Ligand code: ARG
């Protein structure tokens with residue numbers, strides 16, 4: 001590209017996973033868009049080492065400059081901890097892919113700013129949510145946004161041929177054509193025969209969870225919480241990252257945390273989605289249980305609405321909407337008393353709370369107990385007389 005008669009190299013930063021789509025984007029950005037230099041940014045949010053290594057190898061061959069950013073701790077502290085406080089769930093989906101996208105996008109933006117590059121690209125198609133999540137972050141800069149997969153509307157067959165021509169080996173076979181997105185919070189499996197929502201997922205799609213079996217003895221784990229986030233496992237203090245990794249392994253042994261659902265994408269398309277997320281299932285169930293011990297009835301009732309609004313923004317990737325920060329402020333405030341621990345029993349695909357305790361419990365065994373005299377039951381009589389009062393008045397009027 002020539003500007004003012006001077007040779008100027010045109011460069012683009014690509015949010016890069018190392019998978020087929022983003023790998024194919026590298027030569028496409030040169031050949032179809034005329035960029036001289038493609039800079040790839042691979043963000044580690046806890047995907048398998050082998051994915052990162054494959055990405056590095058491919059980038060070495062294809063890209064002009066390559067960055068790998070270990071964002072695992074930041075992902076846990078700034079994305080997953082707020083998610084736990086919000087009991088994050090969209091239609092039953094624990095938001096693993098969704099919550100990672102804005103962070104990945106912001107790392108690509110950081111590199112573009114550092115390198116003075118004015119073009120940002122992602123490899124998302126025009127069918128899913130990820131394009132929206134990336135672009136909500138990308139378009140807040142004054143960079144040009146390029147989405148080769150969406151813009152060129154390439155057929156899968158063409159893409160595979162093109163990849164092979166450029167020396168990208170294509171391991172996706174006809175029998176196992178799953179599209180997988182993985183990070184420390186969840187593993188999502190889409191595509192192939194799973195696109196028929198009536199088709200039962202074969203066991204082979206699962207990578208983290210064993211087949212739930214009643215033959216395997218149950219196991220109890222104790223999760224300690226401080227200010228609404230997990231801080232210990234079985235009494236041992238632990239960093240969030242390690243705790244989640246451990247719980248994924250333990251829960252996976254018991255087949256905990258499989259989801260098979262039809263999900264409403266932002267665009268309105270319904271999609272069949274399969275997920276596995278043992279740690280997320282255990283931690284979200286434990287957290288909610290502890291909240292019920294320590295928060296007031298009115299707090300719990302109101303918080304359901306906050307959780308829902310938070311989850312929807314997270315699903316849509318709108319973490320820069322000011323409402324997101326407002327909701328997080330409420331969540332932080334509400335979680336100051338969410339301290340204590342919950343015992344979770346893992347058995348045959350289930351994670352069930354079987355015990356909870358907290359120094360902040362709004363629970364009085366003394367008051368509620370069948371065996372206690374502390375509460376004068378007579379005092380409740382007046383209250384009971386007025387309970388349902390208006391309905392009785394109406395009944396008397398013959399309604
Ligand atoms: N439906 C989920 C979401 O929008 C997950 C998408 C994961 N992508 C994949 N290629 N498996 O967040």
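The values are calculated or read from the model by the stated rules, or taken from the named source; none is laboratory data. Just so it is clear, the model here is predicted, and its values are computed rather than measured. Cβ: placed from backbone, ideal geometry, glycine included. Neighbour counts: every protein chain shown.
Numbers for the structure displayed
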| quantity | calculated |
| --- | --- |
| Residues located in the stretch 159-204, provided they are away from the ligand (no atom under 11 Å from the Cβ), closer than 23 Å to residue 101 by Cβ, in a helix (DSSP H, G or I) and modelled with pLDDT of 95 or more | 195 |
| Residues being under 22 Å from residue 323 (Cα atoms) and touching a helix residue (DSSP H, G or I) at 6+ places or on another chain (Cβ under 6 Å) - total across the stretch 104-122 | 2 |
| From the options 336, 356, residue that is more than 22 Å from the chain's Cα centre (by Cα) and in a helix (DSSP H, G or I) | 336 |
| Verdict on residue 128 being within 16 Å of the ligand (Cβ to nearest atom), in a loop (DSSP other than H, G, I, E, B), surrounded by fewer than 21 Cβ atoms within 10 Å (Cβ to Cβ) and touching a residue at least 24 places away in the same chain (Cβ under 8 Å) | yes |
| Unmet requirement for residue 98, which otherwise passes all of (1) more than 12 Å from the ligand (Cβ to nearest atom); (2) touching a helix residue (DSSP H, G or I) at 6+ places or on another chain (Cβ under 9 Å) | (1) |
| Residue within the stretch 253-269 that is more than 22 Å from residue 93 (Cβ to Cβ) and touching a residue at least 24 places away in the same chain (Cβ under 8 Å) present | yes |
| Conditions (1) within 16 Å of the ligand (Cβ to nearest atom); (2) crowded, with 16+ Cβ neighbours inside 10 Å; number of the one not met by residue 109 | (1) |
| Selection status of residue 156, surrounded by fewer than 21 Cβ atoms within 10 Å (Cβ to Cβ), within 15 Å of the ligand (Cβ to nearest atom), free of Cβ contacts under 8 Å to residues at least 12 places away in the same chain and under 24 Å from residue 268 (Cα atoms) | yes |
| Filter result for the condition that a residue is closer than 18 Å to residue 18 by Cα, more than 16 Å from the ligand (Cβ to nearest atom), surrounded by fewer than 19 Cβ atoms within 10 Å (Cβ to Cβ) and touching a residue at least 12 places away in the same chain (Cβ under 8 Å), over 70, 142 | 70 |
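Residue by residue, here is whether (1) surrounded by fewer than 17 Cβ atoms within 10 Å (Cβ to Cβ); (2) more than 30 Å from residue 351 (Cβ to Cβ); (3) out of contact with any strand residue (DSSP E or B) (no Cβ under 7 Å at 6 or more places or on another chain) holds:
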| position | (1), (2), (3) |
| --- | --- |
| 167 | yes, yes, yes |
| 170 | yes, yes, yes |
| 181 | no, no, no |
| 185 | no, no, yes |
| 194 | no, no, no |
| 199 | yes, no, yes |
| 208 | no, no, no |
| 215 | yes, no, yes |
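Per-residue answers, yes or no, for (1) exposed (fewer than 15 other Cβ atoms within 10 Å of the Cβ); (2) assigned by TED's automatic domain parsing to the domain that holds residue 125; (3) in contact (Cβ under 8 Å) with a residue 40 or more places away in the chain:
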{"residue": "275", "(1), (2), (3)": "no, no, yes"}
{"residue": "283", "(1), (2), (3)": "no, no, yes"}
{"residue": "296", "(1), (2), (3)": "yes, no, yes"}
{"residue": "301", "(1), (2), (3)": "yes, no, no"}
{"residue": "311", "(1), (2), (3)": "no, no, yes"}
{"residue": "334", "(1), (2), (3)": "no, no, yes"}
{"residue": "338", "(1), (2), (3)": "no, no, yes"}
{"residue": "347", "(1), (2), (3)": "no, no, yes"}
